[in-house]
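Heads up: the structure comes next, in structure tokens.
The values are calculated or read from the model by the stated rules, or taken from the named source; none is laboratory data. These numbers come from a predicted model, not from an experiment. A quick note on method: Cβ atoms are made from the backbone with ideal geometry, for glycine too, and the neighbour counts reach across all protein chains shown. These accessible areas exclude ligands, DNA and RNA; they are computed on the full protein's heavy atoms, side chains included. Shrake-Rupley method; radii C 1.70, N 1.55, O 1.52, S 1.80 Å.
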Amino acid sequence: VLSGSIYSFRFDPTDTVSALNFAGFDIVSSANNHILDYGRIGLSDTVKNLRAGGIDVALDEPIIKIVGDPANGGALTRVAFLGFTNLYKGWFSEATAISQITELKSSGKADIVVVLFHGGEEYQTVSNKYQQNIAHHLVDAGADLFIGAHPHVAQEVEKYKNSWIAYSLGNFIFDQAFSEETMRGLMVEATIEGKKVTDFREIPIKLSPTFQPYIVSSSSL
């Protein structure tokens, strides 16, 4: 059953998972405004197919990845990923998100918490007050990275306290050739040392005429 959106997206699961594996993705967030385009069955199938392909899905519960190489002097670091969207009524509660982040940090389940947030206003190149408040409140609760999506254009990156916020990465693979802004985007790279994020880099990308991303240049904040 369709959600009623005039734009409803779906892809061949085998080809899509294979492409994600080939590109090196091992975790994604399914919290976005199109995940219910084909109802709860579509959501369930998406999660099932991704997990069957070895890709974790951040949605209702945190995904915790352990990184580091003690054999070479590196500390084991627990990195938790939380996926949120405020674009479906009743799906997002700031209080619940704060509680999840606080519990992950206070219990020692996670050394670093990454929030993947799908929200904001489409085609606006600057974040709005709502995005800023949510990001700041979740960082106050203990989030180390706040990575945003949805506007289809890149927005500003901010260092707030000891955390980094990318309000919107813009498009990565999407066929919106009607503006220069929608044919650009960001990747970000975080460096983790001693169970902390020690560096954060913006990596600008552009989309080719066939809507494939390529790196333009990089900078370090």
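Inside region 205-216, can you point out the residues that are at negative phi, in contact (Cβ under 8 Å) with a residue 24 or more places away in the chain and open to solvent by less than 60 Å² (accessible area, probe 1.4 Å)? Hits for region 205-216 are I205, L207, P213. Taking (1) modelled with pLDDT of 95 or more; (2) farther than 17 Å from G83 by Cα; (3) in contact with a Leu (Cβ under 8 Å, 6 or more places away or on another chain) in turn, F174 satisfies each apart from (1). Scanning region 47-86 for residues that are open to solvent by 70 Å² or more (accessible area, probe 1.4 Å), at pLDDT 95 or above and over 20 Å from G24 (Cβ atoms) yields a total of 2. Pairs meeting the criteria (first residue in region 47-71 and among the β-branched types (V, I, T), second residue open to solvent by 30 Å² or more (accessible area, probe 1.4 Å) and assigned to a helix (DSSP H, G or I), beta carbons under 8 Å, at least 6 apart or on different chains) are I55/L20; I55/N21; V57/T46; V57/R51.
If you go through region 1-38 and keep only what is among the small types (G, A, S), over 18 Å from L116 (Cα atoms) and surrounded by 13 or more Cβ atoms within 10 Å (Cβ to Cβ), you end up with S3, S8, A19. Select from region 175-191 the residues that are without any contact (Cβ under 8 Å) to a residue 40 or more places away in the chain and either open to solvent by 60 Å² or more (accessible area, probe 1.4 Å) or closer than 21 Å to Q131 by Cα (or both) and list them in ascending order. Scanning region 175-191 gives D175, A177, F178, E180, R184, G185, L186, M187, E189. When E202, E122 are checked against the criterion of being crowded, with 17+ Cβ neighbours inside 10 Å and over 20 Å from V67 (Cβ atoms), E202 stands alone in meeting it.
Note on region 140-174: residues that are in contact with a helix residue (DSSP H, G or I) (Cβ under 7 Å, 6 or more places away or on another chain), within 24 Å of Y123 (Cα to Cα) and open to solvent by less than 30 Å² (accessible area, probe 1.4 Å) amount to 6. Number of residues in region 127-151 that are hydrophobic (A, V, I, L, M, F, W, C) and over 20 Å from T85 (Cβ atoms) equals 0. Inspect all residues belonging to region 71-83 and state whether any of them is in a strand (DSSP E or B), more than 27 Å from Y130 (Cα to Cα) and either in contact with a Phe, Trp or Tyr (Cβ under 8 Å, 6 or more places away or on another chain) or not polar (S, T, N, Q) (or both). There is at least one residue in region 71-83 that is in a strand (DSSP E or B), more than 27 Å from Y130 (Cα to Cα) and either in contact with a Phe, Trp or Tyr (Cβ under 8 Å, 6 or more places away or on another chain) or not polar (S, T, N, Q) (or both).
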